[in-house]
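Asker: Input: one structure, supplied below.
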Amino acid sequence: MSEPTRRLAVLGDGDPAAAIRSAVGDAGARLVDRTEADAVVAVGDAALREAMRAAATDDGRSSPILPVGDGRHAVDPDLAADRIADADDWLGGSASAFDGFSRVAHPVLAVDGAGDAPRRFAAADVAFVTTEPARISEYGIAFSDGESVSVRADGAVIATPLGSDGYAAAAGGSVVSPGGGLSVVPVSPFTTRPDTWVASGGVRVTVEREAEPVALVVDGERRGTVEPHRAVGVEIAATVDLLSATAE
């Protein structure tokens, strides 16, 4: 009896995505929609964030994602295409690993309590920033271990390991490895000795001043204004497996 045809979704545009789709055909797999796939290839940062956010809402049945591009956790497009085309059964591996790829769990954040806005999901980061440049507000940050701090700053950002080398790092935060927690960073704090943190769990952020409007920014997109004195929860909603190419 022959093996069933493996199903693969490819997200993204441009030549790298076209090359991946061609490699899928060479591997004898079938291109399908993300919701029907055994695995997802996300070409580029935008496609990866989209795939991870969507996976967080899939009720625990999300497929692993192969990030393709030049990011810290991504696989080079040529290497990804070669591995997919050359591996006869790379989608037929065990639950813990595919042939030629290893799995690493990455968190996806959920944002709750931002006014009447629906629950938002973030693959990279969640930021609270004053709507006018170079304007200071005050933020209360409460951590899951009971510690809380108050900072005067232009904003605050909470980043996953995937996003910790982006906006959070530019603001002076730590670059975090998968499983290492969340990077929590004030943006342009009003102090000569700014603190940053690596949180083991979720945090709650409260805008403690009413003078300056503060925007909620999720994965780089503005998602409304945060009400003063109302805590916004940023929690790990789910983990999604990303694939990385193992050494041959």
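Asker: What FRET efficiency would be calculated for the residue pair Ser102, Asp145, taking the C-beta separation as r and a Förster radius of 30 Å, to the nearest 0.05?
Answerer: Working: r = 31 Å, r/R0 = 1.02.
Once the sixth-power term is evaluated, E becomes 0.45.
Asker: Which residues in segment 122-153 place their backbone N less than 18 Å from a point set 7 Å from the Cα of Arg193 along the Cα-to-Cβ direction?
Answerer: 149-153
Asker: Take the Cα coordinates of segment 4-77, assign each an equal point scatterer, and use the Debye formula without solvent to give log10 I(q)/I(0) at q = 0.11, 0.27 Å⁻¹.
Answerer: Calculated log10 I(q)/I(0) at the listed q: -0.24, -1.30.
Asker: Could you check how much of the accessible area of the chain is carbon and sulfur, as a whole percent, using a 1.4 Å probe?
Answerer: C and S fraction of accessible area: 44 percent.
Asker: What full-extension length gain, to one decimal in nm, is calculated for Glu221 and Ser177 as 0.36 nm per residue of separation minus the Cα-Cα distance?
Answerer: Answer, rounded to one decimal: 13.4 nm.
Asker: Can I ask one more? Translational D (Stokes-Einstein, µm²/s) of the chain at 10 °C and 1.306 mPa s when Rh comes from the Kirkwood sum over C-alpha pairs?
Answerer: Here the translational diffusion coefficient equals 83 µm²/s.
Asker: Right, something else. Quick one: length gained pulling Glu210 to Arg30 fully straight, 0.36 nm per residue minus the C-alpha distance? Numbers along the way, then the final one.
Answerer: On the way: separation 180, 0.36 × 180 = 64.80 nm, distance 5.41 nm.
Length gained between Glu210 and Arg30: 59.4 nm.
Asker: Hey, in the GNM for the chain with a 10 angstrom Cα cutoff, which one of Ala134, Ala156, Ala123 fluctuates hardest?
Answerer: For the chain, modelled as a Gaussian network with Cα springs under 10 Å, the answer is Ala134.
Asker: Order the following by accessible area, largest value first: Glu210, Glu50. Probe radius 1.4 Å; ligands, DNA and RNA are ignored.
Answerer: Largest accessible area first, the list is Glu210, Glu50.
Asker: Over segment 108-176, what per residue volume does the convex hull of the Cα atoms give, in whole Å³?
Answerer: 111 Å³
Asker: At what distance in nm do the modelled label points of Asp76 and Ala46 sit from each other, each positioned 7 Å from its Cα along Cα→Cβ?
Answerer: A separation of 2.6 nm, rounded to one decimal place.
Asker: What are the residues whose amide H is under 5 Å from the amide H of Ala237, where those residues sit 5 or more places off or on another chain and H is modelled from the backbone?
Answerer: Those qualifying (amide H under 5 Å, at least 5 residues apart or on another chain) are Val108, Leu109, Ala110.
Asker: Calculate, for the chain, the solvent-accessible area per residue in square angstrom, rolling a 1.4 angstrom probe over the heavy atoms of the protein chains. Write down the numbers at each step before the final one.
Answerer: Details: 11710 Å² over 248 residues.
For the chain, the per-residue accessible area is 47 Å².
Asker: For n ≥ 4 DSSP H runs only, could you compute -39500 (n - 2.57) per run for the chain, divide by its residues and tell me the 222 nm figure to the nearest 500? Can you show the working numbers first?
Answerer: Numbers: 4 runs with 37 residues, N = 248.
Calculated at 222 nm, the ellipticity per residue is -4500 deg cm²/dmol.
Asker: Sequence-distant or interchain residues sharing an amide H contact under 5 Å with Arg30, placed H: which?
Answerer: Sorted by chain and number, the residues that satisfy this are Arg6, Arg7, Leu8.
Asker: To the nearest 0.05, what FRET efficiency results for Thr131 and Ala170 with a Förster distance of 30 Å applied to their C-beta separation?
Answerer: Step by step, r from the Cβ atoms, then E = 0.95.
Asker: What residue among Ala110, Ala159, Ala142 shows peak mean-square fluctuation when the chain is described by a Gaussian network model with Cα springs under 10 Å?
Answerer: Comparing Ala110, Ala159, Ala142 in the GNM, the peak value goes to Ala142.
The values are calculated or read from the model by the stated rules, or taken from the named source; none is laboratory data. These numbers come from a predicted model, not from an experiment. Here the Cβ is made from the backbone with ideal geometry for all residues, glycine too, and neighbour counts use every protein chain on show. Ligands, DNA and RNA are stripped out before the accessible areas are found, and what is left, the full protein with its side chains, is counted by its heavy atoms. Shrake-Rupley method; radii C 1.70, N 1.55, O 1.52, S 1.80 Å.
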